[in-house]
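Novice: Here you go, one structure.
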Amino acid sequence: MKARILFGVLGVGVGLWGLWLLVGALSVDALVRLPLWLGGAVLVDDFVLVPLTLAAGWVLARWSTGPGRHRTINAVRATGLYVGVTTLIAIPLLIRQGKGVNPTVLPRDYLRDWLLLEATIVATGVLVVIAGQRLMLRRSRASSGDIGGR
């Protein structure tokens, strides 16, 4: 119990220190814009990302009820998860590319790189699904006694 209190006090102390550094590093104008930006992020999450995620999950659940599809659902879910996470990470780079005072800060073609990454993830997911289906076919033939052409 004492360790729990110690870690709680330590966490609050680190949080207050971070707040102190934040207030010291930002102007008053930036301190006013920060809660607005964070509030906007919460609204986008609640009213855009969550409904899209629920809709994708519903569509995936409906699709997975077909015959034999329940075996590929994990590969499809993992592919969707990786595509979603890498897209969320790439959004700031895609939005800010080439903007600002110093054009050398984000000099790469992030849209092309992001599209290549997503294509690679989807292709890998498709290959995993195909390999899984072939493995299932071999197992079902072996278990049915259809071995060696008899």
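The values are calculated or read from the model by the stated rules, or taken from the named source; none is laboratory data. Note that the structure is predicted; figures quoted are calculated from it, not measured. Note: ideal-geometry Cβ built from the backbone for every residue, glycine included; neighbour counts use all protein chains shown. Side chains are part of the model used for accessible areas, which takes the heavy atoms of the whole protein and leaves out ligands, DNA and RNA. Shrake-Rupley method; radii C 1.70, N 1.55, O 1.52, S 1.80 Å.
Novice: So if I check each of Trp58, Trp20, which one is open to solvent by 60 Å² or more (accessible area, probe 1.4 Å), within 30 Å of Gln133 (Cα to Cα) and part of a helix (DSSP H, G or I)? Full working, then the answer.
Specialist: Details: Trp20 fails: within 30 Å of Gln133 (Cα to Cα).
Going through Trp58, Trp20 in turn, the sole match is Trp58.
To keep it simple, each residue is scored yes or no on (1) more than 16 Å from the chain's Cα centre (by Cα); (2) at pLDDT below 75.
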site: Val42; (1), (2): yes, no
site: Leu94; (1), (2): no, no
site: Gly100; (1), (2): yes, yes
site: Asp146; (1), (2): yes, yes
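Novice: While we're here: Considering only the stretch 7-15, I want to know if a residue exists there that is within 30 Å of Ala131 (Cβ to Cβ) and assigned to a helix (DSSP H, G or I).
Specialist: If we filter the stretch 7-15 for residues that are within 30 Å of Ala131 (Cβ to Cβ), which is where we start, we get none.
Within the stretch 7-15 (the criterion being within 30 Å of Ala131 (Cβ to Cβ) and assigned to a helix (DSSP H, G or I)), the answer is no, since none of the residues qualifies.
Novice: Looking at Gly84, is it open to solvent by less than 90 Å² (accessible area, probe 1.4 Å), assigned to a helix (DSSP H, G or I) and not aliphatic (A, V, I, L, M)? Step through it out loud before you land on a result.
Specialist: Values: open to solvent by less than 90 Å² (accessible area, probe 1.4 Å): yes; assigned to a helix (DSSP H, G or I): yes; not aliphatic (A, V, I, L, M): yes.
So Gly84 passes the test.
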